1. Take region 30-44 and flag every residue that is over 9 Å from ASN84 (Cβ atoms) and out of contact with any Lys or Arg (no Cβ under 6 Å at 6 or more places or on another chain).
2. Take THR192 and tell me if it is surrounded by 14 or more Cβ atoms within 10 Å (Cβ to Cβ) and not aliphatic (A, V, I, L, M).
3. If you go through region 95-110 one residue at a time, how many are touching a residue at least 40 places away in the same chain (Cβ under 8 Å), more than 14 Å from the chain's Cα centre (by Cα) and either under 24 Å from TYR44 (Cβ atoms) or in a strand (DSSP E or B) (or both)?
4. Filter region 221-233 down to the residues that are under 15 Å from the mean Cα position of the chain (by Cα) and surrounded by fewer than 21 Cβ atoms within 10 Å (Cβ to Cβ), then identify the one that is farthest from SER23 (Cα to Cα).
5. Would you tally the residues in region 174-194 being more than 15 Å from MET161 (Cα to Cα) and either in contact with a strand residue (DSSP E or B) (Cβ under 6 Å, 6 or more places away or on another chain) or modelled with pLDDT of 90 or more (or both)?
6. So in region 89-103, with the set limited to residues that are surrounded by fewer than 16 Cβ atoms within 10 Å (Cβ to Cβ) and of a type outside the set (Ser, Thr, Tyr), which one is modelled with the lowest pLDDT?
7. Applying the selection to region 194-226, what residues are over 23 Å from ARG29 (Cα atoms) and in contact with a Leu (Cβ under 8 Å, 6 or more places away or on another chain)?
Amino acid sequence: MARALRLGSTLALGFLSGCASVSSLQSARTIEKGSYRVTLAGGYVDSSILKTQLEEAKLKTGEDPTLYYGYPYVEGMFRYGLTNKSDFGMKYIAPASGAFDYKHMLVGGGCKKVQKKFRNKRTRKIVTRVVEECQKDGFALSLGPQVGFTYLNLVKSFEAMLPVYLGMDFSPTFGVYLVPKYVFRFATVVGTSSSWGTSLGLKIGNNWGLIAEFTYLRALSSSDSAVSFNGGLFF
């Protein structure tokens, strides 16, 4: 039993070090007010940052980390639009990691009221109504601070991330995005660490569709790095 707990704790370090901070899985645009979006994704991360941390943990716990610095993972994310330029998100990364973030769009995504003509289905007459339209293409820039955690019996970890979302939507259904990010992490076994990097992604679809992403992270205090490939479905 004790062996299983120690093994789970070592693996948990991997998920926090690799997953919670690596993936973005969202473009620079926010969800419209009152709307929500669910993303289900999976991928693979290979991290020498994690290898170094687990080797440090081995010195303190006696566990062998060799199998746990390259692995597949799954995650799910829920986002809700607070305003037409801000949203809130929750992310779960199996087995025991999570993250919360708030994203605010500084450039792009403006909404305006316009008059549109509609045909009344009952009377067949043309009527004019005022509706709100939000920009869904062009350049967008957002800030999205995030906090994340892992909680298992022997390992409690916390991280804070500051990403800058840069996106270009060529149409409402096709866009690319770049997310430079800084990550600070504290873990009860290995202490504090910092890293920086970026995610490069592709989004296909509007209300539902596909998203794919590549991420690179590099430790600030060493030459260690991490790379991740992932993709998923949003709806």
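1. Selection gives GLY34, SER35, TYR36, VAL38, THR39, LEU40, ALA41, GLY42, GLY43, TYR44.
2. No, not satisfied.
3. Initially, region 95-110 is screened for residues touching a residue at least 40 places away in the same chain (Cβ under 8 Å), giving 95-105, 108-109.
If we keep only those that are more than 14 Å from the chain's Cα centre (by Cα) as well, we get 95-96, 104-105, 108-109.
Narrowing further to those that are either under 24 Å from TYR44 (Cβ atoms) or in a strand (DSSP E or B) (or both): 95-96, 104-105.
Counting residues in region 95-110 that are touching a residue at least 40 places away in the same chain (Cβ under 8 Å), more than 14 Å from the chain's Cα centre (by Cα) and either under 24 Å from TYR44 (Cβ atoms) or in a strand (DSSP E or B) (or both) gives 4.
4. Taking the candidates together, the pick is LEU233.
5. 6
6. PRO95
7. The answer is SER194, SER195, SER225, ALA226.
A quick yes/no check of all residues on (1) touching a helix residue (DSSP H, G or I) at 6+ places or on another chain (Cβ under 8 Å); (2) among the hydroxyl-bearing types (Ser, Thr, Tyr); (3) touching a residue at least 24 places away in the same chain (Cβ under 8 Å):
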site: SER142; (1), (2), (3): no, yes, yes
site: THR150; (1), (2), (3): yes, yes, yes
site: GLY167; (1), (2), (3): no, no, yes
site: PHE174; (1), (2), (3): no, no, yes
site: LEU178; (1), (2), (3): no, no, no
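The values are calculated or read from the model by the stated rules, or taken from the named source; none is laboratory data. The shown structure was predicted, so the numbers you read here are calculated from the model rather than taken from an experiment. Please note: Cβ atoms are built from the backbone with ideal geometry, for glycine as well, and neighbour counts cover all protein chains shown.
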